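Enquirer: Before we start, here is the structure in question, set down as structure tokens.
The values are calculated or read from the model by the stated rules, or taken from the named source; none is laboratory data. All of these numbers come straight from a predicted model, not from anything done at the bench. Quick reminder, even Gly has a Cβ in these numbers, built from the backbone with ideal geometry, and neighbours come from all protein chains shown. Only protein heavy atoms, including side chains, enter the accessible area calculation; ligands, DNA and RNA are left aside. Shrake-Rupley method; radii C 1.70, N 1.55, O 1.52, S 1.80 Å.
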Amino acid sequence: MFAEIQLQGLLSFGPESPTIPLGALNVLIGANSSGKSNLVEVFGLLAALPRRNGLQEGLADGGAREWLWKGGKDGDQRVGTVRVVVRAEAFKGKAAMDVEHSLSIRANSWGAAEIQQERIGEAVAREGEDEPRRYLDFGEDGH
């Protein structure tokens, strides 16, 4: 189950957008142009990601440039980030765990999406450890 989502620099969500806590049932209420439809579109993108060419398929409506937030100064490198925390419930004697997946994208010179950075790992550090464990670290800071 999704525990939280944070969108930064995507669609109508600027770089300072807060984390949105999620539960078993979520109701979106807000004024016109407040981001409700954009949030739903991001879940469609997340559903497309595991498929071959999923990123490009998920961004098909308008391409990467249309998905990136238009705020900021002209010439700024536009990067959009989706960060979700998934709650993995206890299973067969294993403890419950929150797994975090973050994906940062930018548009290349042709307008296609490029992954700038992707990380998957535990959302919080285990007892006695300084950092959460990472299972995938790809991109600018990773490999």
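Enquirer: Of everything in segment 78-105 that's in contact (Cβ under 8 Å) with a residue 40 or more places away in the chain and more than 13 Å from the chain's Cα centre (by Cα), which residue is farthest from residue 20 (Cα to Cα)?
Expert: It comes out as 78.
Enquirer: Oh, and also: Among residues belonging to segment 19-40 that are at pLDDT 90 or above and polar (S, T, N, Q), point out the one that is surrounded by the most Cβ atoms within 10 Å (Cβ to Cβ).
Expert: Filtering segment 19-40 for residues that are at pLDDT 90 or above and polar (S, T, N, Q), the one surrounded by the most Cβ atoms within 10 Å (Cβ to Cβ) comes out as 38.
Enquirer: Taking the condition within 18 Å of residue 11 (Cα to Cα), at pLDDT 80 or above, among the aliphatic types (A, V, I, L, M) and over 15 Å from the mean Cα position of the chain (by Cα), does residue 60 pass?
Expert: The answer is no for residue 60.
Enquirer: Would you confirm, using the coordinates I've provided, whether residue 58 is over 29 Å from residue 134 (Cα atoms), in contact with a helix residue (DSSP H, G or I) (Cβ under 8 Å, 6 or more places away or on another chain) and touching a residue at least 12 places away in the same chain (Cβ under 8 Å)?
Expert: When the stated conditions are applied, residue 58 does not pass them.
Enquirer: Among the residues of segment 91-143, what is the count of those that are open to solvent by 80 Å² or more (accessible area, probe 1.4 Å) and among the aliphatic types (A, V, I, L, M)?
Expert: Summing the residues that are open to solvent by 80 Å² or more (accessible area, probe 1.4 Å) and among the aliphatic types (A, V, I, L, M) in segment 91-143 gives 2.
Enquirer: If you don't mind, there's one more thing I want to ask. Within segment 122-129, can one find any residue that is among the small types (Gly, Ala, Ser) and under 21 Å from residue 13 (Cα atoms)?
Expert: Looking for residues that are among the small types (Gly, Ala, Ser) and under 21 Å from residue 13 (Cα atoms), one finds none in segment 122-129, hence no.
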